[in-house]
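First the structure, in the form of structure tokens, and then the observations on it.
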Amino acid sequence: MPGESGTPFAPYQLHVQEAADFIAARLDAPPRLGLMTGTGLGAVTGGLMVATALPYSHIPHFPAATVQGHPGRLLYGTLAGTPTLALLGRFHLYEGYTPLAVAFPVRVLQTLGVDTLLLSNAAGGLNPSFRPGDLMLITDHINLTGENPLVGPNFDRWGLRFPDMSRVYDPVLAAAARKAAAAAGIPLTHGVYAGLKGPSLETPAEIRFLKTIGADAVGMSTIQETITAVHGGIRVLGVSTITNLNDPDHPAPATVEAIVAVAEKAAPHLGRIFAGIAAELSGA
């Protein structure tokens, strides 16, 4: 079977299994829900009743989080009654990681039995109606990274060779997010996310191009993880925190410090939405 053994991909499968076994031995119950936080969004997990915390550096084969605003810790506990694994910090292509390395945590979640993944990121706003601090439900994405985590041999037990991408972001989860936001009085907009490799920010000409092709927000993450999750049969919900506005006619410099500050302020609101989704999953 392609990708099963005797190929360069085989060690990757083994590393995923070893990481999953290490984590599973430290959990009280199999997780159902996975959370992955973006830059400055660690407080998204504020409602998690934490039972176990593991630095990434303690987990076999886990990459290291090197970016400001990514703590690099895995938390296990319950969120609104749902067994949950939360990843505080992710990995990026611009750090020099391969698509397989970026996707590694999602494969570990899949191996552990997670069936629902909530993704968050910090993104630049392209839609002129957006404001810093807005939360954007991702309805679709545009992969402009030039990379795909499914390139290479297909491990058939993980998913189909050619996964369908017509409904990447689960509409049932989206409805639950809207319901939770409305109940909490939190405005929630929606739009298309464009993923670039980075790490340089976009030029005014690139911003015009992104707006022309239908993007409402742009960032440097989420795409690889989402493709991997869809391939693995995991339902996905994505939310972007709009940290700054990209106006090509009035360009303004953006700093990492300012982006992190806006994300940190918005994180508790996003956490309440995620907790509402978790409550739907648990039937609470």
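Set Lys and Arg Cβ to +1 and Asp and Glu Cβ to -1, take the dipole of the chain about its Cα centre, and tell me which of G219, I277, I259 lies farthest positive.
I277
From the backbone phi of region 74-88, what are the Karplus-calculated ³J(HN,Hα) couplings (6.51 cos²θ - 1.76 cosθ + 1.60, θ = phi - 60°) in whole Hz, Gly and Pro given as x?
Result, ordered by residue: 10, 10, 10, x, 10, 10, 6, x, 9, x, 9, 10, 10, 9, 8 Hz.
How big is the gap, in Å, between the Cα center of region 45-62 and the Cα center of region 79-143?
If we compute the Cα centre of each part, the gap is 16 Å.
Using only C-alpha atoms and all pairs of different ones, pull out the Kirkwood radius for region 146-186 in Å with one decimal.
Every distinct Cα pair counted, the radius reaches 13.2 Å.
Sort the following peptides by mean Cβ neighbour count (other Cβ atoms within 10 Å, averaged over residues), highest first: 127-134, 32-39.
32-39, 127-134
What net charge do the residues around Y76 carry, taking every other residue with its C-beta under 15 Å from that of Y76, with Lys and Arg at +1 and Asp and Glu at -1?
Local charge sum for Y76: +1.
Give me the mean projected area, in nm² to one decimal, of the convex hull enclosing the Cα positions of region 169-284.
8.4
Of the beta bridges DSSP finds with both residues in the chain, what % are antiparallel, to the nearest 5?
40
As a test of the formula, what do you get for the chain when each DSSP H run with n ≥ 4 contributes -39,500 (n - 2.57) and the sum is divided by the residue count, at 222 nm and rounded to the nearest 500 deg cm²/dmol?
One gets -10000 deg cm²/dmol as the mean residue ellipticity at 222 nm.
Which of the listed residues, G124, Y76, F91, is farthest toward the dipole's positive end in region 36-174, when Lys, Arg count +1 and Asp, Glu count -1 at the beta-carbon?
Y76
From the residues T189, Y169, P248, which one has its Cα farthest along the dipole of region 152-284 in the positive direction, the dipole being from +1 and -1 charges on Cβ of Lys/Arg and Asp/Glu about the Cα centre?
The Cα lying farthest towards the positive end belongs to Y169.
Any idea what the dipole of region 11-282 comes to, in debye rounded to 20, about its Cα centre with Lys/Arg Cβ at +1 and Asp/Glu Cβ at -1?
380
When you count, for each residue, the other Cβ atoms within 10 Å and take the mean per peptide, how do 145-155, 247-257, 165-175, 88-98 rank with the highest first?
88-98, 145-155, 165-175, 247-257
Mind putting a number on the dipole of region 90-147 about its Cα centre? Charges go on the C-beta only, +1 for Lys and Arg and -1 for Asp and Glu, and I need it in Debye to the nearest 20.
Around 100 debye, computed over region 90-147.
Would you kindly state how much longer the chain becomes between L14 and M49 on full extension, computed as 0.36 nm times their sequence separation minus their alpha carbon distance, in nm to one decimal?
Fully extending the segment from L14 to M49 adds 9.5 nm.
Taking Cα atoms of the chain, Rg/Rh with Kirkwood Rh, to two decimals?
Rg divided by Rh gives 0.95.
Rule-based calculations on the coordinates, nothing more; no lab input. Remember, it's a predicted structure, so these values are computed and weren't measured experimentally. Because the Cβ atoms are built from the backbone with ideal geometry, glycine has one as well, and the counts that use them run over all protein chains shown.
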